[in-house]
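Enquirer: Sharing a structure with you now.
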Amino acid sequence: MRFTEYVTRFVRLASRYEEEVTGSTPFGFPSAPFTEIPGQLPRLGSGIAFNDDLTCLRELAANAHRIEAWRRTTSYKYLTMVLVPVNFVHLLVLTNFVGLP
């Protein structure tokens, strides 16, 4: 696995970890499963994907100490400063495009 792929996966995993621990994440899109409700358009899922919940919990537990340590670093602070405004702008564009209030 290339280094950039490892870092990207780690950041996505950290985002999922924050959702599980704190209920939200300051970067990345929230994890959501694919949903298909009759009468509505299907919605694609988002976030990191696992084969099952047990694999997800094992992966989060195995990396919890790395994620917690990374959350105290300068690179984490820089990531949240850079990505939070970008995600907010993306959300505004998306809601205006779809026509949501």
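Enquirer: One residue is enough: does region 18-26 have a residue meeting the conditions over 13 Å from the mean Cα position of the chain (by Cα) and assigned to a loop (DSSP other than H, G, I, E, B)?
Expert: For region 18-26, residues over 13 Å from the mean Cα position of the chain (by Cα) and assigned to a loop (DSSP other than H, G, I, E, B): absent.
Enquirer: For the structure I just gave you, tell me whether Glu19 is at pLDDT 85 or above and touching a helix residue (DSSP H, G or I) at 6+ places or on another chain (Cβ under 8 Å).
Expert: No; evaluated as a whole, the condition is false for this residue.
Enquirer: A further question on this structure: Looking only at region 31-52, how many residues end up being among the aromatic types (Phe, Trp, Tyr) and farther than 16 Å from Tyr17 by Cβ? Let's see the steps before the verdict.
Expert: Kept after step one, since they are among the aromatic types (Phe, Trp, Tyr), are these residues of region 31-52: 34, 50.
Next cut, farther than 16 Å from Tyr17 by Cβ only: 34.
Selection size over region 31-52: 1.
Enquirer: Still on this structure, please answer the following. Among (1) surrounded by 14 or more Cβ atoms within 10 Å (Cβ to Cβ); (2) on the phi > 0 side of the Ramachandran plot, which single condition is Gly23 missing?
Expert: Failing condition for Gly23: (1).
Enquirer: Can I ask one more? When residues of region 53-86 are filtered for being over 16 Å from the mean Cα position of the chain (by Cα) and not in a helix (DSSP H, G or I), how many remain?
Expert: Of the residues in region 53-86, 2 are over 16 Å from the mean Cα position of the chain (by Cα) and not in a helix (DSSP H, G or I).
The values are calculated or read from the model by the stated rules, or taken from the named source; none is laboratory data. Here the structure is a predicted model, which is why all the values come from computation and not from measurement. Ideal geometry is used to build each Cβ from the backbone, glycine not excepted, and the neighbour counts take in all protein chains shown.
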